[in-house]
Amino acid sequence: ANSHNTVGAVSINITMRPILTTASRRLLFNGRITSVRSLNVGLIRRDAGAPTMRCNGRAQTITSADGGGLARMAFRRSLSTTDASLPLASSSSLGIFESLVLPHLDSLSALPEVSAALATPSADKSTIEGLTRAVQIFESMKGSPLHVAVQCLLADGYQQTGQYKQAIQVLEQLLQQGEQSPNNMVNIQLALSKALFHDGDFERALGATSDLLDSPQVQSSVVARGTVLCAQGTIRLVQLNKDDDGYEQAQEVIKVLRVAAKSLESHGDIGAAAYNNLGVAQIVSELVFLDRVRVDSAMSCLHQGLDMASADNDLVKGRIYSNMAHVLLMEDDDDDDMLKLASEYAREALRIYEKSTQLSDMEKQAGLGRSLNLVASCYVRADAAVTAEGLLQTAIDMPGVDPLTKIARREVYRTYSELCRKWEKREADKDRLEKESVEINDSLAKGWKDKPGLMSGLLFCTM
């Protein structure tokens, strides 16, 4: 059903596609598959805030793509922006849903394996098995849009579950088929670079972005070129090692990220993500190569990113607020005002993650874990050890298989170990927690081991 409604001065087109399964009627609404018990849909408006639709008695904001699992991968859109190419920076997504899957979602959803995968809050073993069967079903239509779309879903399922080599294999097969439009080929190759990045294969990830920069589709688009430059700078940042010319290389990385950020200043969330990574790069370069931290320029970049981010983009805003708190906590002095500000930023990140309805369950819990660790770190600085320990005991169970979340989890154990070191008769706990942090670090792919904790705040954007 298609309906057109006007709320105040805002004109909103709402499209609802019913998807029938053997289990129950379902409704695709803002990217989320919702069971329809009794169809009760009406447009409402809050006194302040975004227009919402009430579906099955639940108010849902219309201004963002809202959903979990594989169905959440549509780009977030804001009514206040004129740029439809907002970033998908999530670690658990490859960013190819909207361009390659969404146009064929009605047909794909008729297949129970696909419908079940879309309804799953977070991809798991059964999701992968179902999508593998779906790929086999469409094998006779090899190279067709439906076959490509279900392969994209499978690649993203692998990405969500941390099976990066399998995701890479599927994406490489898609590129080899070569039957997509030039723009779709660009999207697939950037997704391949992202999977390689998370797998720790930085050389190949960098090679994929270098190839993209030479393509006409990227050269002719400010957004595409800026996005690829941001990805390239982000990969090179994580690649940095403390060698003789490391600091000079770090400055080159900062230049690349600055060019990317400047070129994306008028493009909302994708520019916000670029400024976020630029701020992280400025801190990391000084921390790794100069053993010092000067926060002013980095905080300026993070503030600029925050100003550019859409009000409803929980992923980007939560990450930036967390990074702002993290940066301030890296200062060695005991400035009470700075500690208070770091606490405010950490609590705002925590509030965003607690209230978010647009992030997948795993992303939400990972964000909560990191922000809880940052709030706890503020309490450690303020000598409120009991409160800090309670927060850390909650944060320590954060889920997540991607390297950024693992680094954040490692930092929780390090914070907890350092807290126990300050207490009498907690030596055994300190040693146990320190051992856990080492084991998490050792579980990372080779390229990700021993990276600074702030790198957990990076955003890898796709188009």
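Some observations on this one:
- Dipole size of segment 83-219 about its Cα centre, with +1 on Lys/Arg Cβ and -1 on Asp/Glu Cβ: approximately 200 debye, rounded to the nearest 20.
- Heavy-atom SASA rank of Asp335, Asp269 (probe 1.4 Å, accessible area, largest first): Asp335, Asp269
- Cα→Cβ-extended label distance, 7 Å offset, between Thr357 and Glu265, nm: 3.6
- Å² of accessible area per residue within segment 243-365, as computed with a 1.4 Å probe and no ligands counted: 42
- The phi torsions of segment 134-151, fed into the Karplus equation with coefficients 6.51, -1.76 and 1.60 and a -60° offset, translate into couplings of 5, 4, 5, 4, 8, 4, 5, 10, 3, x, 6, x, 5, 5, 5, 4, 6, 5 Hz, rounded to whole numbers, with Gly and Pro shown as x.
- Loop-resident GluC sites (Glu not before Pro) (DSSP state other than H, G, I, E or B) in segment 325-425 with no more than 15 further Cβ atoms inside 10 Å of their Cβ: Glu331, Glu424.
- For segment 423-429, 3J(HN,Hα) computed residue by residue from phi via the Karplus equation (6.51, -1.76, 1.60; θ = phi - 60°) reads 9, 6, 6, 10, 4, 5, 5 Hz, glycine and proline entered as x.
- With only the Cα atoms considered, segment 115-237 has a convex hull volume of 107 Å³ per residue.
- Among Trp423, Trp448, the order of accessible area from largest down is Trp423, Trp448, computed with a 1.4 Å probe on protein heavy atoms.
- Distance between the C-alpha centres of segment 229-254 and segment 281-318: 16 Å, rounded to the whole angstrom.
- Each residue, Ser181 and Lys425, gets one label point 7 Å from its Cα in the Cβ direction; the gap between the two is 6.9 nm.
- Exposure rank, largest accessible area first [Val253, Val259, Val386; 1.4 Å]: Val386, Val259, Val253
- For GluC sites (Glu not before Pro), the sites in segment 110-184 that DSSP calls loop and that have at most 16 other Cβ atoms within 10 Å are Glu179.
- Segment 170-281 - percent of accessible surface contributed by carbon and sulfur, probe 1.4 Å: 45
- Within segment 197-276, the percentage of alpha carbon pairs spaced more than 21 angstrom apart rounds to 28%.
- Using a probe radius of 1.4 angstrom, the carbon and sulfur fraction of the accessible surface of segment 356-419 is 49%.
- Mean sequence separation of contacting Cα pairs (under 8 Å, at least six apart), scaled by the length of segment 169-262, corresponds to a relative contact order of 22 percent.
- Each listed q (0.16, 0.19 Å⁻¹) maps to a log10 I(q)/I(0) for segment 145-193 from the Debye sum over equal C-alpha point scatterers, namely -0.37, -0.52.
- Evaluated with a Cβ-only charge set (Lys, Arg +1; Asp, Glu -1), segment 299-446 carries a dipole of roughly 420 debye about its Cα centre, given to the nearest 20.
- In the assembled protein chains, Ser99 presents an accessible area of approximately 40 Å² (probe radius 1.4 Å).
The values are calculated or read from the model by the stated rules, or taken from the named source; none is laboratory data. Everything numeric in this text was worked out from a predicted model, so none of it was measured. Backbone-built Cβ (ideal geometry, glycine too); neighbour counts: all protein chains shown. Surface accessibility is based on the protein's heavy atoms, side chains included, excluding ligands, DNA and RNA. Shrake-Rupley method; radii C 1.70, N 1.55, O 1.52, S 1.80 Å.
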